[in-house]
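Encoded as structure tokens, the structure appears first; notes follow it.
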Amino acid sequence: MKFFLLLSALGLCWAQYSPNTQQGRTSMVHLFEWRWVDIAQECERYLAPNGFGGVQISPPNENIVVNNPSRPLWERYQPISYKICTRSGNEDEFRNIVTRCNNVGVQIYVDAVINHMCGEGGGAGTSSTCGSYFNAGNREFPAVPYSAWDFNDGKCKTSSGGIENYNDAYQVIDLSGEAITSSEYFGNGCVAEFKYGAKLGTVIRRWNGEKMAYLKNWGEGWGFMPSDRALVFVDNHDNQRGHGAGGSSILTFWDARLYKMAVGFMLAHPYGFTRVMSSYRWQRNFVNGQDVNDWVGPPNNNGVTKEVTINPDTTCGNDWVCEHRWRQIRNMVIFRNVVDGQPFQNWWDNGSNQVAFGRGNKGFIVFNNDDWSLSTTLQTGLPGGTYCDVISGDKINGDCTGIKVYVSSDGKAQISISNSAEDPFIAIHADSKL
């Protein structure tokens, strides 16, 4: 069914035993390519007040500057050194976001790219975000320092020794031209000294891990666990190609409906620790039927990343999309916090694309992704009363700006959702009771 295929395609949640977030906060947001100064402000003015537990940030380490194409998003994954110096900001600004976000109960999760350097086609010179010298072809990165002896060559079994087909998982996993898994500095834990580690108060959430697929006992062997605050999640950046990682194109009305429903389902379901994407806007351009802007970098003026401005209606401006500020997504983050620990129950579906389920006696959600209206009586599991639907509106001063849902003393409610509604789903929870 198209609804469930969409949900599985998003892939925005993962299983994790302890995300190290503050008690009662069950989600994080990926502020993709945001500047450090903007993240600090967002933690204080929006994320903490709305129950977000953490922020995943883009890689903070020095990287190569790519000018053709002009400053694409993937240049952040082409390291030169472990100096904190990128288009998001410098080390002082980075320290500032860690302190300010942690002070309001929001963790910083680093997208740490530490097991490979820039591709061998990166050239040589000082065209890097901190000006450090490198020679990619000779595998020289003196700012670490790494030399050719530190690289694990010969694993990618292609004629060129590099990736020739990004649709070939084995080539992507091996990626020999960048891997540094044989390095003395890497293997004995020296790289654990990288400045954005746990000793600065961050939580290491994600390593760009396509080159470590064959490694064993990496956590203990590398000495990356200086305290119980360190959390590691290995991910494969290159395997995310084509799955919407990175920026967001201009969504149509119907695209946005499906996106909000999929994120709503993820946030309502008890599985895993959830992550919401917050991105930027661009207009796609096509040349001979090919999308030429698929990896465009953040909004910028001559290469300088734009400030994330906030409009009077609380949405973002300056070409930033900020999906985490959409009412539907923000309220579902709150929904997830309210129902945390409650069982998954009262599942209902019509055999097609209308589904509903509850979370104990704390929350209930209904979706209509069919081409016809939904109208039925459902068991919500909630106590009797009148509830504010947090998808269509907000509970403000004891009243609701959206749809009101009446739950009878037996927990049942009459639910009606038009297939042409702007957001064809309804969510109610204990704190939205009027």
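Accessible area per residue for region 15-80, computed on protein heavy atoms with a 1.4 Å probe, is 31 Å². Ranked by the mean number of other Cβ atoms within 10 Å of their residues, highest first, the peptides 387-396, 110-119 fall in the order 110-119, 387-396.
When Lys and Arg each count +1 and Asp and Glu each count -1, what net charge do the other residues less than 15 Å away from G411, Cβ to Cβ, add up to? Local charge sum for G411: +3.
Please state the shape class of region 46-156: rounded when a/c is under 1.5, otherwise prolate if a/b exceeds b/c and oblate if not, all from the C-alpha gyration tensor. Verdict is prolate for region 46-156. Within the accessible surface of region 69-126, defined with a 1.4 Å probe on protein heavy atoms only, the carbon and sulfur portion equals 46 percent.
Solvent-accessible area per residue in region 254-405 equals 42 Å², computed with a 1.4 angstrom probe and all protein chains kept. Both radii come from the Cα set of region 61-112: Rg as radius of gyration, Rh as Kirkwood radius; their ratio Rg/Rh reads 1.05.
Among E75, E93, what's the order by accessible area (1.4 angstrom probe), most exposed first?
From most accessible down to least: E93, E75.
Taking only alpha carbon atoms, region 279-426 gives an Rg to Rh ratio of 1.09, where Rh is the Kirkwood radius. Cross-linked pairs K362/K412; K404/K433; K260/K433; K260/K404: Cα-Cα separations exceed 18 Å for K260/K433; K260/K404. Electrostatic bookkeeping for G381 treats Lys and Arg as +1 and Asp and Glu as -1; over the other residues with beta carbon under 9 Å from its beta carbon, the sum is +2.
Surface listing: E62, E164 arranged by accessible area from highest to lowest gives E164, E62, probe 1.4 Å. Just the protein heavy atoms count here, and of the accessible area of region 317-384 at 1.4 Å, carbon and sulfur take up 42 percent.
The values are calculated or read from the model by the stated rules, or taken from the named source; none is laboratory data. Everything numeric in this text was worked out from a predicted model, so none of it was measured. Cβ sites come from the backbone with ideal geometry, for glycine too, and all protein chains shown count toward neighbours. Surface areas here come from the heavy atoms of the whole protein model, side chains and all, with no ligands, DNA or RNA. Shrake-Rupley method; radii C 1.70, N 1.55, O 1.52, S 1.80 Å.
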